[in-house]
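The values are calculated or read from the model by the stated rules, or taken from the named source; none is laboratory data. Keep in mind that what you see is a predicted model, and the values were worked out from it rather than measured. No Cβ is skipped: glycine too gets one built from the backbone with ideal geometry, and neighbour counts run over all protein chains shown.
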Amino acid sequence: MTAVLEARNVTMAFGGLVALSDVSLQLAEGQIVGLIGPNGAGKTTFFNCLTGLYTPSKGQLLLRGKRLPGDPARVTAAGVARTFQNIRLFPSMTALENVLVGRHVRMRQGPLSSLFHGPAFGRGEAAARERAQQLLNFVGLGKVGDVLARNLPYGDQRRLEIARALATDPSVLLLDEPTAGMNPQETEAARHLIFAIRDTGIAVVVIEHDTKFIFTLCDDVSVLVQGELLVRGTPDEVRADPRVIEAYLGKPPEEIEAEVHKGETR
Amino acid sequence: MTRLTSYLRPGMALPLRVAGSVLVLVGALLPWATFVLNDGPYPAKSTLQFFDAPFEVGGFRLHMALLGLAALVVTFAPVPGRGRILRGLGWGAVLVSAVNVLFIAYNGGGLGAVTVADMPAFGGLVALLGGLAVLAGAYAGGIEQPVHLPTGLNRFVAWAVLLVSFAGLLMMVAWTLTAGGQGGVANPYAGAQFLSFLGFAGGLLAALHGAGVLPWISRLSEDHRPFSIVVLLGCALALPFTGAGTDYWMTVAANIGVYAATAIGLNVVVGLAGMLDIGYVAFLGIGAFVAANLSGAVAAKVDITLPFPVAAVIAAVVAGMFGSVVGSPTLRVRGDYLAIVTLAFGEIFVRSAQNNIGGLTGGPNAIPGVPQVSMFGTGFSEPITLGGTKLPSGVLYYFLTVLLVALVMGMFANLKNSRIGRAWIAIREDEDVAKAMGISTGRIKILAFTVGATTAGLSGAVFAHKLGTVSYESFKFLESVTLISAVILGGMGSIPGAVLGASLLFVLPEKLREFSDYRLLLFGLALVLIMRFRPQGLVPDRHRRAELAGEDIEGRPLEETVSEQAHLPTAAPVLPGEARA
């Protein structure tokens, strides 16, 4: 297995505050990797480093062995796409146009071509629209391409964000809490969608609070606590690890129950 | 409004509507002014004691009579969207009567002028009451859902409909332009007559909108875009053959054209890319000064004479270069702060021009004597004869500006529906995410400034030759503000909106001369009202309309489309196309 994305000893400090220290992560093609941890553990900071929003204080980020550029636009062009924890669509563009914006980086028309709409422009535009429509169909939004993003239901907005990210033809997709605020059916659908994305050969990194979701989705789970990588392994290993249970999941239910009973009988 | 309408009962609708229509109609035929005003008889026999010559009623009283008649017909005819139509007609009647009543009362020295003095004259008040009753009747009966007339017609039927509507539009433009006639000493009532006509036209258009006719036509013209463009261009070129075909109106129309083209350029920066540029008129100035200096004017500081097309292109390029310079702070500065930067640039430009820094602007002496554009042996200021019809002087400049506006509109439409245009809109919506989607926001933002400035520079070249004199006074801060108002008033990001906004904002000062001191006050008041009641602008962009009016992009109410619930892929779908290796 070759690593598509590799983070080597990434440290991110904001002045005196060390948000990430010495975090390493490897991602192979077609792999789904989960990133869990309590609030403030540095998960989103890690994403921001990966996507060029922040420049890490130390460490290296490699995409297929090449260093990632330190600029969000060029990172996306290199093949890393993301969604956002709080949905950030272009609210007064239609669903299709949102996806077309994602297509921007793979289109080649410059200002003059855009101005005069020559035959090459028409071909590129038609191809982009076709691709965008395919992606909308893929995430299950095929019929709402003409609806403004702001008017879509919440779950659809989440899926539209994924379609928009996919439109950049990424080799790595970063999903920041893709099921936040979803009901069980929607979460189930999101799982199917992420598997389908993985099946096309795209490597996926998922940040999520819903541990059940992560453990049934990912091939490999990393646990971040206070900016440090605590444990890394398969879902079963992570689930069984006492440090994780202590740091993140809390005490097992039997113990809590026992404590509650003790309190009652006293 | 909601609290007022809560007093109305559906049962009151019919009596109110009938009574209102009749009152409007009767009011139109009653005397309006109790005596002859100081400046002579107010238009259209308003001082007749009683109605005795029905077929000689003209001017605003004819408009009132038409509104009343239409309201009466609509009240009983089985038309869809009746409440909406009546609401438009009611507003029209209220506006027309209010404008005239206020004007007569003000000029006649009080309420006596519109009630009882030498003789009784209650026409204005009766009509106003009638208008209010029609409005109340419209609300009492309930305002229906928007009407959707069938589209997807046979091509020839659609073409015929479009031809008729665009011809109507042409007549409307000609009437609006000439309404009230030329202001000034010759006609002291020009301003009031014009405002009254605007009220009438607005009421009529609102009624047509309520009947679903305007949205229908706009859908048809979108479905038959090339045909519509050709016909619209033809209509614009036909304006000199209507009542507006005089020296004066052609000059006014050509001026409007220059500002309309400039406003479309500003629309790229403000409407699409969402960057507030309040020093934009400087680019018009740069274009004008460059063209003036290259034209061989006596006062020009550069001793070369270039033909107009060459000078225009150079003016556009130079303005565009300044545009990219002014745009470069956008790499670091956003929002309000950018507005201040552009304001500063505008001021720097106008002060430098005023003080003749660089020696290219002539300072307070301006650059006079810019020669007229001359092509194929014809000077553009000369009157011409076309197919046996003698056209007034200035008509060639009018044609030139029509071509300019058409060119700029085409450019804008192409850009908007392209990769670059979407990138601009994405930046307007959320700049950080736009960057995360791979858009090099810095370059794209500077490009917006460059395109806007180039457009203004091109317009500036026409401006210089048409006016003959280029002075810094034409490029002051107020002009920038007016241009921004034009863009926002018409509808941000909308092409016809920018043209309509520019037309209104540059016609109004011309028409309202007699209100001199109150002109800007009225102007500001109108803007406040429009922003309050129609934030999406007069001719909103499809997206913005959907956003602010709760409709989807096709103009249907929202519930119809969005309710389609999350039906999810049960089997894992296959992503089409190659995943990138």
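Would you point out the residue of the range B:338-392, among those that are assigned to a helix (DSSP H, G or I) and polar (S, T, N, Q), that is farthest from residue B:463 (Cα to Cα)?
Among them, the one singled out is B:342.
Could you identify the single residue in B:130, B:124, B:112, B:88 that is surrounded by 22 or more Cβ atoms within 10 Å (Cβ to Cβ), of a type outside the set (Asp, Glu), in a helix (DSSP H, G or I) and modelled with pLDDT under 90?
Only one candidate qualifies: B:124.
Among the residues of the range B:521-537, is any hydrophobic (A, V, I, L, M, F, W, C), surrounded by 23 or more Cβ atoms within 10 Å (Cβ to Cβ) and either outside the structural domain of residue B:191 (by TED's automatic domain parsing) or in contact with a Pro (Cβ under 9 Å, 6 or more places away or on another chain) (or both)?
Within the range B:521-537, not a single residue is hydrophobic (A, V, I, L, M, F, W, C), surrounded by 23 or more Cβ atoms within 10 Å (Cβ to Cβ) and either outside the structural domain of residue B:191 (by TED's automatic domain parsing) or in contact with a Pro (Cβ under 9 Å, 6 or more places away or on another chain) (or both).
Is one or more of the residues making up the range B:141-154 more than 26 Å from residue B:496 (Cβ to Cβ) and buried (at least 20 other Cβ atoms within 10 Å of the Cβ)?
yes
Could you name every one of the helices (runs of 4 or more DSSP H) located completely within the range B:393-511 that has at least 1 residues being surrounded by 22 or more Cβ atoms within 10 Å (Cβ to Cβ) and among the basic types (Lys, Arg)?
B:419-429, B:431-436, B:441-467, B:495-511
Being touching a residue at least 60 places away in the same chain (Cβ under 8 Å), more than 28 Å from residue B:134 (Cβ to Cβ) and either assigned to a loop (DSSP other than H, G, I, E, B) or not assigned by TED's automatic domain parsing to the domain that holds residue B:92 (or both) is the filter here; which residues of the range B:175-211 pass it?
B:182, B:183, B:184, B:188, listed by residue number.
Within the range A:66-78, which residues are facing another protein chain (nearest Cβ under 7 Å) and either buried (at least 21 other Cβ atoms within 10 Å of the Cβ) or within 9 Å of residue A:51 (Cα to Cα) (or both)?
Selection gives A:72, A:73, A:76.
The conditions are (1) free of Cβ contacts under 8 Å to residues at least 24 places away in the same chain; (2) over 22 Å from residue B:421 (Cα atoms); (3) not basic (Lys, Arg), and residue A:138 fails exactly one of them. Which is it?
Looking at each condition in turn, residue A:138 falls short on (1).
Could you list, in sequence order, the residues of the range B:420-434 that are over 23 Å from residue A:121 (Cα atoms) and either more than 7 Å from every other protein chain (Cβ to nearest Cβ) or more than 32 Å from the chain's Cα centre (by Cα) (or both)?
Of everything in the range B:420-434, those that are over 23 Å from residue A:121 (Cα atoms) and either more than 7 Å from every other protein chain (Cβ to nearest Cβ) or more than 32 Å from the chain's Cα centre (by Cα) (or both) turn out to be B:428, B:431, B:432, B:433.
Are any residues in the range A:188-244 within 14 Å of chain B (Cβ to nearest Cβ) and among the aliphatic types (A, V, I, L, M), and if so, which ones?
A:189, A:190, A:193, A:194, A:196, A:197, A:202, A:203, A:204, A:217
Can you find a residue in the range B:199-216 that is within 19 Å of residue B:42 (Cα to Cα) and surrounded by 21 or more Cβ atoms within 10 Å (Cβ to Cβ)?
So far as the range B:199-216 goes, yes, one or more of its residues are within 19 Å of residue B:42 (Cα to Cα) and surrounded by 21 or more Cβ atoms within 10 Å (Cβ to Cβ).
Restricting the search to the range A:89-108, which residues are part of a loop (DSSP other than H, G, I, E, B), in contact with an Asp or Glu (Cβ under 7 Å, 6 or more places away or on another chain), at the interface with another protein chain (Cβ under 7 Å from one of its Cβ atoms) and crowded, with 18+ Cβ neighbours inside 10 Å?
A:90, A:92, A:93 - these are the residues of the range A:89-108 that are part of a loop (DSSP other than H, G, I, E, B), in contact with an Asp or Glu (Cβ under 7 Å, 6 or more places away or on another chain), at the interface with another protein chain (Cβ under 7 Å from one of its Cβ atoms) and crowded, with 18+ Cβ neighbours inside 10 Å.
Given the condition surrounded by 13 or more Cβ atoms within 10 Å (Cβ to Cβ), more than 14 Å from chain A (Cβ to nearest Cβ) and either within 21 Å of the chain's Cα centre (by Cα) or at pLDDT 50 or above (or both), answer yes or no: does some residue in the range B:538-559 qualify?
Yes, there is a match, as at least one residue in the range B:538-559 is surrounded by 13 or more Cβ atoms within 10 Å (Cβ to Cβ), more than 14 Å from chain A (Cβ to nearest Cβ) and either within 21 Å of the chain's Cα centre (by Cα) or at pLDDT 50 or above (or both).
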